[in-house]
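**Student:** Dumping the structure here so I can ask a few things about it.
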Amino acid sequence: MSRIGKQPLTIPGGVKASVSGKTVTVEGPKGKLTLDLRAEITVRVEGNTIRVDRANDSKFARALHGTTRANLANMIRGVTQGYQRNLDIVGVGWQGKVQGKQLVLQVGYCHTVDLTIPDGVKCVLPNPQRIEVSGISKQAVGQFASQIRASRKPEPYKGKGVRYEGERIIRKAGKSFVGGGK
């Protein structure tokens, strides 16, 4: 049996969880999230705990067992605390700004990179070189942060680009003088 899947989830105070058919809804102080279940997985809400069970021991059902429990744990954390990813823009004259529902990045191209901020995700720039992406869905926050980073990945020679906070870029040596004599 899955070590993660068999552990019950505790519902904290201020959070309501309900199951209707094959849909689980978790509602908390920060918002509401839903998860559609596969036929192989059943979820039971018993008092202030959530239990995840599987229909059979097929390989696919075993894989979904732990995944579903982890997704439910992420939903509970999202509606209580939320998620945040921070990104840094490194480069001379490189910057970002929010214009309505668009994140506009100037990252060394001859044009700006315009990214539409998805629903449920909040994007704040405390300064032009720092982007704070936050929201209640771990998947949505991580996906949008990944799209921002992909607009200009950090390069290994000068270290310029958009990187996650605390990300370590392994630097390479540039061209060096090899010949010198004859």
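The values are calculated or read from the model by the stated rules, or taken from the named source; none is laboratory data. Because the structure is predicted, anything quoted here is derived from the model rather than measured. Here Cβ is always computed from backbone atoms with ideal geometry, including for glycine, and neighbour counts include all displayed protein chains. For accessibility, only protein heavy atoms count, side chains too; no ligands or nucleic acids. Shrake-Rupley method; radii C 1.70, N 1.55, O 1.52, S 1.80 Å.
**Student:** Residues to consider are Val141, Val124; find the one that is part of a strand (DSSP E or B), touching a strand residue (DSSP E or B) at 6+ places or on another chain (Cβ under 7 Å) and either β-branched (Val, Ile, Thr) or without any contact (Cβ under 8 Å) to a residue 12 or more places away in the chain (or both).
**Tutor:** Every option except Val124 fails the conditions.
**Student:** With the requirement that a residue be more than 17 Å from Met75 (Cβ to Cβ) and in a strand (DSSP E or B), what does the range 110-121 give you?
**Tutor:** Val113, Asp114, Leu115, Thr116
**Student:** To continue, here is another question. Would you pick out the residues in the range 106-138 that are open to solvent by 40 Å² or more (accessible area, probe 1.4 Å) and in contact with a helix residue (DSSP H, G or I) (Cβ under 8 Å, 6 or more places away or on another chain)?
**Tutor:** Listed by number, the residues that qualify are Pro118, Gly120, Lys138.
**Student:** Taking the range 127-138, which residues are in contact with a strand residue (DSSP E or B) (Cβ under 6 Å, 6 or more places away or on another chain) and not in a strand (DSSP E or B)?
**Tutor:** Of everything in the range 127-138, those that are in contact with a strand residue (DSSP E or B) (Cβ under 6 Å, 6 or more places away or on another chain) and not in a strand (DSSP E or B) turn out to be Pro128, Gln129, Ile136, Lys138.
**Student:** Do you know which of the residues in the range 46-72 that are aliphatic (A, V, I, L, M) and without any contact (Cβ under 8 Å) to a residue 40 or more places away in the chain is nearest to Lys16 (Cα to Cα)?
**Tutor:** Step by step, filter the range 46-72, then rank; the result is Leu64.
**Student:** Continuing with this model, one more query. Exactly one of these conditions fails for Lys59: (1) at pLDDT 95 or above; (2) more than 25 Å from the chain's Cα centre (by Cα). Give me its number.
**Tutor:** Condition not satisfied by Lys59: (1).
**Student:** Looking at Gly174, Gly161, Gly96, which is the one that is within 26 Å of Gln81 (Cβ to Cβ) and either open to solvent by less than 70 Å² (accessible area, probe 1.4 Å) or of a type in the set (Val, Ile, Thr) (or both)?
**Tutor:** Gly96
**Student:** If you don't mind, another one. Out of the range 108-132, which residues are over 12 Å from Val98 (Cα atoms), among the hydrophobic types (A, V, I, L, M, F, W, C) and in contact with a Lys or Arg (Cβ under 8 Å, 6 or more places away or on another chain)?
**Tutor:** none
**Student:** Please state which of the following conditions Pro156 fails to meet, knowing it meets all the rest: (1) part of a loop (DSSP other than H, G, I, E, B); (2) in contact (Cβ under 8 Å) with a residue 40 or more places away in the chain.
**Tutor:** (2)
**Student:** Here is a follow-up. Check every one of the strands (runs of 3 or more DSSP E) wholly within the range 34-91 and list those with 2 or more residues that are open to solvent by 50 Å² or more (accessible area, probe 1.4 Å).
**Tutor:** The qualifying strands (runs of 3 or more DSSP E) are 41-46, 83-90.
**Student:** Right, next: Out of (1) farther than 30 Å from Val113 by Cβ; (2) touching a residue at least 12 places away in the same chain (Cβ under 8 Å); (3) within 18 Å of the chain's Cα centre (by Cα), the odd one out for Glu40 is which?
**Tutor:** (3)
**Student:** Checking Val26 against (1) in a helix (DSSP H, G or I); (2) open to solvent by less than 50 Å² (accessible area, probe 1.4 Å), which single condition isn't satisfied?
**Tutor:** All conditions pass for Val26, except number (1).
To keep it simple, each residue is scored yes or no on (1) over 30 Å from Val24 (Cβ atoms); (2) at pLDDT 95 or above; (3) small (Gly, Ala, Ser).
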{"site": "Asn74", "(1), (2), (3)": "no, yes, no"}
{"site": "Val98", "(1), (2), (3)": "yes, yes, no"}
{"site": "Arg130", "(1), (2), (3)": "yes, yes, no"}
{"site": "Ile136", "(1), (2), (3)": "no, yes, no"}
{"site": "Val141", "(1), (2), (3)": "no, yes, no"}
{"site": "Gln147", "(1), (2), (3)": "no, yes, no"}
{"site": "Pro156", "(1), (2), (3)": "yes, no, no"}
{"site": "Lys172", "(1), (2), (3)": "yes, no, no"}
{"site": "Val178", "(1), (2), (3)": "yes, no, no"}
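**Student:** Here is a list: Gly28, Gly78. Which entry is under 17 Å from Ser134 (Cβ atoms) and in contact with a Pro (Cβ under 9 Å, 6 or more places away or on another chain)?
**Tutor:** Exactly one of Gly28, Gly78 is under 17 Å from Ser134 (Cβ atoms) and in contact with a Pro (Cβ under 9 Å, 6 or more places away or on another chain), namely Gly28.
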